[in-house]
Structure formats: structure tokens, C-alpha cells
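Every read-out reported here was derived from the displayed coordinates using simple, explicitly stated rules and does not represent laboratory data. Small disclaimer: the values here were computed from a predicted structure and weren't measured. All Cβ positions, glycine included, derive from the backbone under ideal geometry; neighbour counts span all protein chains shown.
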Amino acid sequence: MNTNELTALLNEDRTARLMANITRRAARLFQDGYIATPTMSGLFVQTFQVVSPEGKRYSVKVSKTNAEPGTFFGDKCSCPCFAEVKTCKHLQAVRLELEQDAALEAQAEREEEARTFFAEAACAY
């Protein structure tokens, strides 16, 4: 293995560890006292203000498109980590929260449809 291959391997390992750390920290962000407040919901993006327990404020933009992170319609966060690697714990935590909310909403809709179906079926007999 030459020096370039070894350097590439080390960089891949460093990147994988960084992404794993970001994901782990994002999963606990709100349990650790951070607060996310929606500030705008548009056709292509939603924006949030994320505040740390120490009072640091970050602007998070979640894209509803597949646009490249950091572009006009792409995901974005005002923190230094996002500036460096185009993702961060703030963005991932907000995305995770949105996905969980959507899943709960879909489940509630399915349950309501089932109740309606069985209520109508009972009336038919």
C-alpha cells in the first residue's frame, strides 16, 4: 500500500467516525436540552431556530427537495460543522424529529381510517 492509499484510507475512517458521532449526537440533541422552533414553512424548505442549553442559536433550513446541501434549495445550518462537512447534529436532529412526526401522523391517519371502516361495516349489518 502506497502513501496516497494509506492517506485515503485514514481520511475515510476519520470521515466515518465523524458522521457516526454527528448521528449519535443528533439522536440525543433534544434530550440534551436543545430546542427547535419552526420559523418558516414554504413549498421547498422549512426553517427552524435551534437553541442550545447555553443559548447559542443556529438557523437550520431543511430542504423538501433533493437539492445539494448548502445550495439555495438545499439543507443548511449556520453552525461551523455544517460549513465544513455539509451536515451537522442540528440539521440531522431536526430532520429526525420531522420524520418521527410524519410517521406518527401517518399512523394516526391509518387508525382513523380503520375506525371509520369498522364503524361503517357495523352499520351495514
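Descriptive notes on the structure:
- Per-residue ³J(HN,Hα) for segment 105-113, Karplus 6.51 cos²θ - 1.76 cosθ + 1.60, θ = phi - 60°, Hz, x for Gly and Pro: 5, 5, 5, 4, 5, 4, 5, 5, 4
- Per-peptide average of other Cβ atoms within 10 Å, ordering 30-38, 97-105 highest first: 30-38, 97-105
- Take the Cα radius of gyration of the chain and divide it by 2.2 N^0.38 Å, N being the number of residues; the result is 1.48.
- Ignoring the sites themselves, the chain has its longest run without trypsin sites (Lys or Arg not before Pro) in a DSSP loop having at most 14 other Cβ atoms within 10 Å at 65-125.
- Remark: the chain carries a charge dipole of roughly 600 debye about the Cα centre, counting +1 on each Lys and Arg Cβ and -1 on each Asp and Glu Cβ.
- Compared with the dominant Cα axis of the chain, that is its longest principal axis, helix 3-28 is turned about 40°.
- Its alpha carbons considered, segment 74-115 gives a radius of gyration followed by a Dmax of 15.4, 49 Å.
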